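Data block below; observations after.
The values are calculated or read from the model by the stated rules, or taken from the named source; none is laboratory data. Treat the numbers as computed from the prediction; the structure is a model and nothing was measured. With ideal geometry, Cβ positions are generated from the backbone for all residues, glycine too; neighbour counts draw on all protein chains shown.
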Protein chains: 2
Amino acid sequence: MLKITFLGTAGSLPTPYRNPPSILIKKDSELLMFDCGEGAQQQMMRARTGMMSLSSIFITHFHADHVLGIPGLLQTMSFQGRTEPLYIYGPEKIDVFIQILTALGYCQLGYEIKTVELKPGDIIEKNGYHIKALKTEHGVKSIGYSLVENKRPGKFDRDKAVSLGVPPGPLFSKLQKGNPVEVDGRTVHPEEVVGEPRPGRTVVYSGDTRPCEDVFNASLEADVLIHDGSLDDSQSEWAAESMHSTASEAAELAKKAGVIKLVLTHISSRYTEDESPLLNDANEIFENVVIADDLMEINIPYKK
Amino acid sequence: MLKITFLGTAGSLPTPYRNPPSILIKKDSELLMFDCGEGAQQQMMRARTGMMSLSSIFITHFHADHVLGIPGLLQTMSFQGRTEPLYIYGPEKIDVFIQILTALGYCQLGYEIKTVELKPGDIIEKNGYHIKALKTEHGVKSIGYSLVENKRPGKFDRDKAVSLGVPPGPLFSKLQKGNPVEVDGRTVHPEEVVGEPRPGRTVVYSGDTRPCEDVFNASLEADVLIHDGSLDDSQSEWAAESMHSTASEAAELAKKAGVIKLVLTHISSRYTEDESPLLNDANEIFENVVIADDLMEINIPYKK
């Protein structure tokens with residue numbers, strides 16, 4: 001399973017319908033959180049994601065709207081009896097930042113917080129995938145993230161295996177796992193019946209940023225790119241000044257990188273009533289784009 | 001106007017439907033906030049209360065669920081162009097606490113925060129009312145608050161004024177304001193036509209506490225008592241241990257104090273599905289009780 005749940009999709013100011021930024025990715029049985037805006041814990045409750053399988057929080061930068069949900073979430077997990085350590089990754093000084101945050105609620109946590117400082121290019125190896133820190137451009141210490149699954153085994157050619165005399169059953173499994181098998185005194189090699197390894201899935205989250213090279217490179221043929229799409233074309237100067245991206249700029253990058261699906265988030269509160277300027281701008285450049293909504297879920301299939 | 005809006009009514013753990021504790025009181029054109037749990041700013045947006053007339057935040061104690069909404073709210077008001085200073089009242093060390101909170105979001109506020117440390121018995125005099133800090137019992141430095149309006153002028157006896165020869169018009173107004181008037185060479189004194197001063201309205205907020213003397217005394221004939229009613233009778237031992245109150249205990253206090261309306265809040269997350277144990281327990285003792293819900297509003301009329 002690879003499922004994205006948008007907990008908060010607002011820009012710097014929340015609205016009645018958009019919480020501050022936070023994204024949850026369910027990778028098999030593990031929950032990973034990217035940014036943790038105010039109210040993230042309550043959004044997890046609303047989305048019924050559970051909290052106990054949350055292994056890590058990845059922070060893009062320390063602006064208030066991206067981090068103020070951390071202390072409440074930490075405390076609630078402690079109240080609920082968490083004992084597993086929690087990893088919190090982020091840019092330089094993440095350790096100091098979390099020390100201040102956790103000092104706030106006069107709260108004794110029943111589990112350990114392990115902070116890990118990341119710089120662009122750092123890779124966190126996980127079981128069957130990795131997460132990479134990307135250089136972004138937001139005027140403060142900031143990073144984006146890509147989640148990249150390992151390649152998965154090639155397609156098994158069942159008909160060919162049978163034609164080579166391999167009986168369906170345990171020998172199929174052995175071949176699929178890359179081992180040769182003996183049939184009627186002859187050796188069948190896995191490369192005869194198993195195709196090329198197939199790509200895993202890739203999700204990229206830009207955080208708050210101007211369009212930038214590292215996010216572009218990570219997004220080449222990505223399955224989903226979640227990109228800052230704060231503003232419409234009429235606000236392009238302000239987007240540059242405030243170090244955000246317009247919907248068009250995100251769409252340009254997605255198109256050039258050949259991503260499958262673009263999701264715009266960090267939506268400015270000026271679009272509470274009508275988001276169509278953003279969608280229209282992006283759609284003129286790139287077709288498969290959606291504007292994230294709070295509690296929206298996206299299941300990512302394998303490429304065909 | 002004296003209107004209460006419940007922004008958050010949860011106990012230590014929020015639920016999908018209850019935000020952490022925060023209460024807003026609109027006193028004429030001024031907004032006063034009591035506690036500021038995570039998400040308070042967004043609840044203000046949902047309740048359409050505005051933020052610019054918020055003059056003061058009154059904190060009962062520093063447990064995380066009562067304060068984590070402060071930094072986000074402060075930042076949002078700054079983004080919205082606030083320049084008026086904001087007063088934040090609370091127990092001992094409120095100044096240190098707010099310094100840490102405001103350091104978090106790397107945020108430059110465009111207005112001044114004035115912190116004021118209160119101890120039980122302290123009174124803040126306002127225009128036409130005062131707010132008093134109450135001693136509460138929650139196992140940490142904590143205070144409750146009462147908002148007490150000044151007495152208002154007595155009832156004007158229009159018929160009697162006419163019978164004394166006073167013509168309707170400016171002289172009525174002069175008498176109502178407490179000044180004598182001359183009519184046909186005779187002096188009519190205000191006490192002849194204006195009744196005894198009538199009581200203003202009183203609202204008491206206990207914060208988190210065991211039932212206690214200072215809240216009881218402040219609640220004598222209060223119009224509204226907002227009291228910790230975290231737990232039902234079956235949890236009375238845990239209420240005592242965790243320094244909260246049961247619904248019954250709050251109802252007993254309300255009854256003895258002769259309050260008009262009791263509102264239970266800080267509702268434990270165990271009652272997400274069914275709050276009836278709380279309401280039933282309280283109703284056996286006291287009739288006019290409601291369980292606060294998020295975004296519930298209560299307009300407080302003058303006593304007849």
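Would a scan of segment A:94-101 turn up a residue that is part of a loop (DSSP other than H, G, I, E, B) and either acidic (Asp, Glu) or assigned by TED's automatic domain parsing to the domain that holds A:Cys212 (or both)? Break it down stepwise before answering.
Initial filter on segment A:94-101 (part of a loop (DSSP other than H, G, I, E, B)): none.
For segment A:94-101, residues part of a loop (DSSP other than H, G, I, E, B) and either acidic (Asp, Glu) or assigned by TED's automatic domain parsing to the domain that holds A:Cys212 (or both): absent.
Taking A:Pro120 as the residue in question, decide whether it is more than 11 Å from every other protein chain (Cβ to nearest Cβ) and either among the basic types (Lys, Arg) or touching a residue at least 60 places away in the same chain (Cβ under 8 Å) (or both).
On the way: more than 11 Å from every other protein chain (Cβ to nearest Cβ): yes; either among the basic types (Lys, Arg) or touching a residue at least 60 places away in the same chain (Cβ under 8 Å) (or both): yes.
Yes: the conditions hold for A:Pro120.
Would you mind telling me which numbered condition in (1) touching a residue at least 12 places away in the same chain (Cβ under 8 Å); (2) surrounded by fewer than 24 Cβ atoms within 10 Å (Cβ to Cβ) A:Gly39 fails?
Exception for A:Gly39: condition (2).
Taking B:Ala133 as the residue in question, decide whether it is facing another protein chain (nearest Cβ under 10 Å), closer than 30 Å to B:Thr246 by Cβ and surrounded by 14 or more Cβ atoms within 10 Å (Cβ to Cβ).
no
One residue is enough: does segment A:270-286 have a residue meeting the conditions touching a strand residue (DSSP E or B) at 6+ places or on another chain (Cβ under 9 Å), surrounded by fewer than 18 Cβ atoms within 10 Å (Cβ to Cβ) and among the hydroxyl-bearing types (Ser, Thr, Tyr)?
no
Tell me, which residue of segment A:136-149 that is crowded, with 20+ Cβ neighbours inside 10 Å and within 13 Å of another protein chain (Cβ to nearest Cβ) is farthest from A:Val67 (Cα to Cα)?
A:His138
Quick check on B:Pro120: is it under 24 Å from B:Arg210 (Cα atoms) and at pLDDT 95 or above?
For B:Pro120, the condition - under 24 Å from B:Arg210 (Cα atoms) and at pLDDT 95 or above - is met.
Examine segment A:47-64 for a residue that is under 18 Å from B:Gln42 (Cβ atoms), more than 18 Å from the chain's Cα centre (by Cα) and part of a helix (DSSP H, G or I), and state whether such a residue exists.
yes
List the strands (runs of 3 or more DSSP E) that sit entirely inside segment B:221-304 and contain at least 2 residues that are among the hydrophobic types (A, V, I, L, M, F, W, C).
Qualifying strands (runs of 3 or more DSSP E): B:224-228, B:261-265, B:289-291.
Identify, please: which residue in segment A:67-83 is in a loop (DSSP other than H, G, I, E, B) and more than 22 Å from the chain's Cα centre (by Cα) and is, among those, farthest from the other protein chains (Cβ to nearest Cβ)?
Only one residue fits best here, namely A:Thr83.
Out of the residues in segment A:30-54 that are out of contact with any Lys or Arg (no Cβ under 8 Å at 6 or more places or on another chain) and either over 27 Å from A:Val148 (Cβ atoms) or modelled with pLDDT under 95 (or both), state the one that is farthest from the other protein chains (Cβ to nearest Cβ).
A:Arg48
Go through segment B:55-66 and give me each residue that's in contact with a strand residue (DSSP E or B) (Cβ under 9 Å, 6 or more places away or on another chain), within 24 Å of A:Gly72 (Cα to Cα) and either surrounded by fewer than 24 Cβ atoms within 10 Å (Cβ to Cβ) or within 11 Å of chain A (Cβ to nearest Cβ) (or both).
B:Ser56, B:His61, B:Phe62, B:Asp65, B:His66
Considering segment A:42-54 alone, what residues qualify as being touching a strand residue (DSSP E or B) at 6+ places or on another chain (Cβ under 8 Å) and either without any contact (Cβ under 8 Å) to a residue 12 or more places away in the chain or crowded, with 20+ Cβ neighbours inside 10 Å (or both)?
If the condition is that a residue be touching a strand residue (DSSP E or B) at 6+ places or on another chain (Cβ under 8 Å) and either without any contact (Cβ under 8 Å) to a residue 12 or more places away in the chain or crowded, with 20+ Cβ neighbours inside 10 Å (or both), then A:Gln43, A:Met44, A:Leu54 are the ones that fit.
Against the definition (in contact with a Phe, Trp or Tyr (Cβ under 8 Å, 6 or more places away or on another chain) and farther than 28 Å from B:Asn150 by Cα), how does B:Asp232 come out, yes or no?
Details: in contact with a Phe, Trp or Tyr (Cβ under 8 Å, 6 or more places away or on another chain): yes; farther than 28 Å from B:Asn150 by Cα: yes.
Considered against the rule, which asks whether it is in contact with a Phe, Trp or Tyr (Cβ under 8 Å, 6 or more places away or on another chain) and farther than 28 Å from B:Asn150 by Cα, B:Asp232 comes out as yes.
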